[in-house]
1. Quick check: anything in the stretch 23-43 part of a loop (DSSP other than H, G, I, E, B), within 18 Å of Ser69 (Cα to Cα) and in contact with a strand residue (DSSP E or B) (Cβ under 8 Å, 6 or more places away or on another chain)?
2. Considering the stretch 47-61 alone, what residues qualify as being aliphatic (A, V, I, L, M), surrounded by 14 or more Cβ atoms within 10 Å (Cβ to Cβ) and not in a helix (DSSP H, G or I)?
3. Would you check if there is a residue in the stretch 40-52 being without any contact (Cβ under 8 Å) to a residue 60 or more places away in the chain and under 24 Å from Gln4 (Cα atoms)?
4. When the residues of the stretch 62-105 are filtered to those that are of a type in the set (Ser, Thr, Tyr) and part of a helix (DSSP H, G or I), which remaining residue is modelled with the lowest pLDDT?
5. So in the stretch 12-22, with the set limited to residues that are in contact with a strand residue (DSSP E or B) (Cβ under 9 Å, 6 or more places away or on another chain) and part of a loop (DSSP other than H, G, I, E, B), which one is surrounded by the most Cβ atoms within 10 Å (Cβ to Cβ)?
Amino acid sequence: MQKQIKPTLNWEDAPDTIDYNDLAKILGVCSDTAKDIFDARQFPKIKGLGVKRKADKDIAKLYLQGLYSPETVRDTRQNLILIELQKINEKLEKLTEQEKKCEDT
């Protein structure tokens with residue numbers, strides 16, 4: 001019979017960056033299970049930390065809820081770029097209209 005592990009840490013009280021031990025406490029799973037989650041190819045680990053396994057708790061939570069993936073991040077970035085380009089185009093159109101009015105007077 002497997003031992004029941006209960007969560008001992010909630011998302012709000014967890015540090016901003018979590019390791020697999022924190023994740024195990026949040027989810028109420030053993031540390032090996034949390035390590036497996038951290039080692040998943042798509043899991044949003046913070047890069048550049050060497051052997052340390054850390055993740056932003058908010059992004060890790062979104063990942064576990066199925067709301068985060070590299071594809072959604074790429075799509076979100078593309079949408080933000082598109083919105084900014086639309087704003088630039090609108091400003092450019094207004095400036096062009098103002099220039100035409102100035103030339104007409």
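1. Yes, the stretch 23-43 has at least one match.
2. Scanning the stretch 47-61 gives a single hit, Ala55.
3. Quick first cut of the stretch 40-52, residues without any contact (Cβ under 8 Å) to a residue 60 or more places away in the chain only: 40-52.
Subsequent filtering for residues that are under 24 Å from Gln4 (Cα atoms) retains 40.
Scanning the stretch 40-52 turns up at least one residue that is without any contact (Cβ under 8 Å) to a residue 60 or more places away in the chain and under 24 Å from Gln4 (Cα atoms).
4. Per the stated criteria, the residue is Thr72.
5. Asp19
The values are calculated or read from the model by the stated rules, or taken from the named source; none is laboratory data. Note that this is a predicted model, so its numbers are computed, not measured. Methodologically, a virtual Cβ is constructed for each residue, glycine included, from the backbone with ideal geometry; neighbour enumeration extends over all protein chains shown.
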